[in-house]
1. Are there GluC sites (Glu not before Pro) in segment 363-436 that DSSP puts in a loop and that have at most 16 other Cβ atoms within 10 Å, and which ones?
2. Compute the Cα gyration tensor for segment 227-358, then decide on rounded, prolate or oblate, letting a ≥ b ≥ c be the square roots of its eigenvalues: rounded whenever a/c is under 1.5, prolate when a/b is larger than b/c in the other cases, and oblate in all that remain.
3. Could you count how many Lys pairs in segment 83-293 have their Cα atoms under 15 Å apart, skipping same-chain pairs fewer than 8 positions apart?
4. Quote the relative contact order of segment 83-293 in percent (integer), defining contacts as alpha-carbon pairs under 8 Å separated by 6+ residues.
5. In debye, nearest 20: dipole of the chain around its Cα centre with unit charges on the Cβ of K, R (+) and D, E (-)?
6. For Thr139, Thr55, Thr106, what ranking results if the residue with the fewest other Cβ atoms within 10 Å of its Cβ goes first?
7. Output the Kirkwood hydrodynamic radius of the chain, Cα pairs only, in Å rounded to one decimal.
8. When the convex hull of the C-alpha atoms of segment 83-293 is computed, what volume per residue in Å³ does it have?
Amino acid sequence: MTDAGNESHVNRRFVLAGAAGVLGAAALPASAEAASLRRHPSNWPDPEPYGLADTRLDLWPRADNSFILPLEQRPRDKELGRVWMRDTYVNCFVVNGRPVYVATGTTRPAGLAGPGPWNDGIFVWVSSSLQGPWRLADTTRIRPGAEKGKVWSPEFAGENRPGRVVVAPWQEYWNDEQFGKRGNAWAPEVHHFRGKWYIAACMGDHSQKVGSFLLVSEGGVEGPYRLVEGNHDKPFGDSFIGGPAFIKPGAYHHIDGSLYTEGDDAWLVLHNHLYAKFRDDMEDIVPVTGLPAFRQTPYAPEPYLEGAYVFKHGGKYYLLHAAWNRSSANPDGSTRYAYDPPAAGRVQYHYDAVVAVSDRFEGPYSERWTMGVGAGHNNIFKDHSGRLWATFFRNPRFGYWADPSRSAEAAVPGVVRLEWTGPQGRRLYVQRRDHG
């Protein structure tokens, strides 16, 4: 989670390829570009009561506003013909005056249908342009003969040395009678902060301990990475009762940790609506008794939310969550779509991105609105020309994209254009038709 308002961008324009399935966007002359900043689309009225979902097709990633990143394939990807990915993350950083695009996400190992009960770690792709070519990060000099692009994995535990931990004991592979081999990494994010590369990620439900951790590179974006000191014994934060019933007591910590930076300061943002300031050396979070929580306007009742993410734009802070939009029947027989907790008669429909806005990082945040249908567990970023994008992946576990007729198109590294309704409207939406 980068403070895009403080990111420098290369001062040049580019045109996105207009090939089928790829969004075309021609650069404007400077005067036209300035004029466009003075014109903003309007906010849509919210469904009432608060907590209903907006399911209009204009808020879906579509062929006219989104595309799938053409990531370099690994041997395991050849059969599918593309990279299988959940929790897609993309960002753009300016390094030595040039744009560096990075992509990562939750991937699956060869031979498994998903990323659990184990996967083989974190892969990173890089490009100088959003539309590619996207290449796996060149890790061949770090690990000759190993799989290219893999920057961290539980299997790297043998690289630990006195004073340098790559994989902590709680992150290593292990075995049990129920699942066999266990240990998986989830939802990684790549960041460039104060001249260094960081990866924020999470060990998943099948790991010895479940929760968020931070890696720091001792070289470039390709690594080599080591684990920060605060994660040598456990994930960030305190353990609590949570997650699936098979997780052993004391093993579950706050998941989906991500990084928000502003100026020279950095914060850890956690999916349970919590945050923590990092120490200046970035080796751990600042110790506090109980992590502070964002001040939000919750739904009533509040469902389980995931993938908390903060993005700053136009001087305002945007707090994203992934929320299941569940369908049910209204008394008159019509269909209700809402961010409801699970209950009888409620069916998971789409994994949406919901957003709220605030004048301050910690809140209070406004009521949430639907930013993107089926675009949950994502991030927002600016390309090197200042255009706003979000990621999406089409959740394959339940709902619309789990349907057998669509499942082959799920779990993708997708990006979708966003629109901002200006300093008065203060909203971000998936680019709606006739609003771009």
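Just so it is clear, none of the values below were taken in a lab; they were calculated from the coordinates. All of these numbers come straight from a predicted model, not from anything done at the bench. Note: ideal-geometry Cβ built from the backbone for every residue, glycine included; neighbour counts use all protein chains shown.
1. Hits after loop and neighbour filter: Glu367.
2. Since a/c reaches 1.5 but b/c is at least a/b, the shape of segment 227-358 is classed as oblate.
3. 4
4. 14
5. The calculated dipole for the chain is roughly 940 debye.
6. Least crowded to most crowded, the residues run Thr55, Thr139, Thr106.
7. 22.1
8. Measuring per residue, one finds 134 Å³ for the Cα hull of segment 83-293.
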